[in-house]
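The values are calculated or read from the model by the stated rules, or taken from the named source; none is laboratory data. Small disclaimer: the values here were computed from a predicted structure and weren't measured. Here the Cβ is made from the backbone with ideal geometry for all residues, glycine too, and neighbour counts use every protein chain on show. To get the accessible areas, we keep the full protein, side chains included, count just its heavy atoms, and leave off ligands, DNA and RNA. Shrake-Rupley method; radii C 1.70, N 1.55, O 1.52, S 1.80 Å.
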Amino acid sequence: MERKIRVLVAKPGLDGHDRGAKVIARALRDAGMEVIYTGLQQTPEMIVEAALQEDVDVIGLSILSGAHMTLLPKVTRLLKEQGMDDVLVVAGGIISDEDAATLKAQHGIAAVFGPGSSTHEIVKFIREKAGVARD
Amino acid sequence: MDPSSLIPRLQDGDRRALARAITIVETGGPPARALLAAAYPHAGAAHLVGITGPPGAGKSTLVTALAQEWRRRGVRVGIIAVDPTSPYSGGAVLGDRIRMQALGGDPGVFIRSMASRGRLGGLARATADAAVLLDAARFQVVLIETVGAGQGEVDIARAARTTVVVEVPGMGDDVQSIKAGMLEVADLFVVNKADREGADKTVRQLRAMLHLAPHAPGAWEPPVLTAVATAGQGADAIVDAVARHAAHLEARGVAGAHAHAAAERELAAAVQELALERARGPAWEDLVARVAARERDPYGAAEELLRAAGI
């Protein structure tokens, strides 16, 4: 059996809005992926632990609280510490272009999908990039 | 990552090696078989507990409460949480972890979500294989959680040494589990959400039903327990009852018979998988087309394929 793309969808930080995360989870499922959804208010430690146990290819982080410059780099740093830098990390939510550029250039976030991004585009990106660095 | 190094590493407590090994056995094929062959001699000590029941019965929350109780007793707990794969896209959203947050950060717990997929060898095989790995990684109790909604799920329950069926009050006048055939597989009933109205009635109905079932002298009588999983209430009594059931299996010498039956199912599934793999030679597509066109019947075509494969 071919290996399925496994994606962890998580919401770091304290905002309680997970509609976007659920829409993405569903779109990825409809694209044939296995999505592990962990719910609201996840610390970076919880996210990395879940990603490790679930052996995911991709982590999708949805964040609307404005704390992305603190929380997202922490996730990628913890991944690196665990030797899991082959996991693709993408982010979505309210993130300015400037912050997005910094996250991509300096903090190992592969892509940032802001409001208005099509699920089509997100699915395509993940299909192309997921699991390339592993095995 | 070198697959042959995974087993000693997961035995040493390397969680990443364990996670990767589960992915390999889930994917199947020759690498999965090699890994299982290496893990098998190191497994067999864990007590497998199946937890099943209708959607919304609170299984994930109960699993969390039970895992916490076992942890208080110093027992290491592995959890396999199964959710259905969409028959349309082949994808799945696995959400059981949402209710298991309280178990985070504990190295004595390992949680893995699994999609049911369209597995040829059956879902029961995939979960049993993952359980072998958790067992080899020295998790003493392995909980397998599934939605009790069909034959596949009942099979998983059967693969476990102790099967817990979770019910909730107010699901209608008659107990739904009878329809799903779960009355027969349950070693233990839990009426969850027991703070709700009608819980007593559900308990009474289950007990009455169990009294009607044929009962051999000395056989295990499934207890009907209550729980409020969100409050952790009832978890200690359930864990005690699982321990009593394990002791009963041991004392009656049925643990061996159970292992024998489980081994037979595993072997049958493995033969099926390998036979199918070998039969899928160059003639496969052609025969499929001819069966579809009704020029051949499936049994005759199967005979031909197996003979050609030398089976």
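Here are some notes:
- Gaussian network model of chain B, Cα within-10 Å springs - most flexible of B:24, B:51, B:79: B:24
- Between the range B:70-122 and the range B:6-69, the alpha-carbon center distance in angstrom: 9 Å
- Note on the protein assembly as shown: with charges restricted to the Cβ of Lys and Arg (+1) and Asp and Glu (-1), its dipole about the Cα centre is near 160 debye.
- Spin-label model distance (nm) - residue B:27 vs residue B:71, 7 Å beyond Cα toward Cβ: 3.1 nm
- Per-pair calculated FRET efficiency, R0 = 35 Å: residue A:117 and residue A:81 via Cβ, rounded to 0.05: 0.75
- Proportion of all alpha-carbon pairs of the protein assembly as shown beyond 33 Å (%): 41 percent
- Averaged over A:44-55, number of beta-carbon atoms from partner chains that fall within 10 Å: 5
- Peptides A:112-118, A:24-30, A:70-76, ordered by how many other C-beta atoms sit within 10 Å of their residues on average, highest first, read A:24-30, A:70-76, A:112-118.
- Cα-Cα pairs of the range B:186-311 separated by more than 18 Å (percent): 71 percent
- Convex hull volume per residue in cubic angstrom - Cα atoms of chain B: 171 Å³
- For chain B, modelled as a GNM whose springs connect Cα atoms under 10 angstrom apart, the maximal fluctuation among B:225, B:36, B:276 occurs at B:276.
- Highest to lowest packing among B:129-139, B:85-95, scored as the average C-beta count within 10 Å: B:129-139, B:85-95
- Given charges at beta-carbon only (K, R positive; D, E negative), |dipole| of chain B in Debye: 500 debye
- Using a Förster distance of 25 Å, the FRET efficiency for residue B:302-residue B:216 (Cβ separation, nearest 0.05): 0.05
- Angle in degrees between helix B:30-39 and the longest Cα principal axis of chain B, rounded to the nearest 10: 50 degrees
- For the range B:1-107, with +1 on Lys and Arg beta carbons and -1 on Asp and Glu, the positive-most of B:52, B:91, B:17 along the dipole: B:52
- About its Cα centre, the dipole of the range A:6-130 is roughly 240 debye, where the only charges are +1 on Lys and Arg Cβ and -1 on Asp and Glu Cβ.
- Averaged over the residues of peptide A:25-35, the number of Cβ atoms from other protein chains lying within 10 Å of each residue's Cβ is 6.
- Axis of helix B:298-308 versus longest Cα principal axis of chain B: the two differ by about 60°, to the nearest ten degrees.
- Estimated D of chain A in µm² per second, where Rh is the Kirkwood radius over Cα pairs and Stokes-Einstein applies at 20 °C, 1.002 mPa s: 147 µm²/s
- Around residue B:290: net Lys/Arg minus Asp/Glu count, Cβ-Cβ under 11 Å: -3
- Number of partner chain Cβ atoms within 10 Å, mean per residue of B:104-116: 4
- Mean-square fluctuations from a GNM of chain B, with a 10 angstrom spring cutoff on Cα atoms, peak among B:220, B:284, B:70 at B:284.
- Interchain or long-range residues, amide H under 5 Å from residue A:35's placed H: A:7, B:92, B:93, B:94
- Projecting the Cα positions of B:228, B:217, B:301 onto the charge dipole of chain B (unit charges on Cβ atoms of Lys, Arg, Asp and Glu, taken about the Cα centre) puts B:228 furthest along the positive direction.
- Heavy atoms of the protein chains alone define the surface here; on that basis the protein assembly as shown has 46 Å² accessible area per residue at 1.4 Å probe size.
- DSSP bridge analysis restricted to chain B gives an antiparallel fraction near 5%, rounded to the nearest 5.
- Beta bridges per DSSP with both ends in the protein assembly as shown, % antiparallel, nearest 5: 0 percent
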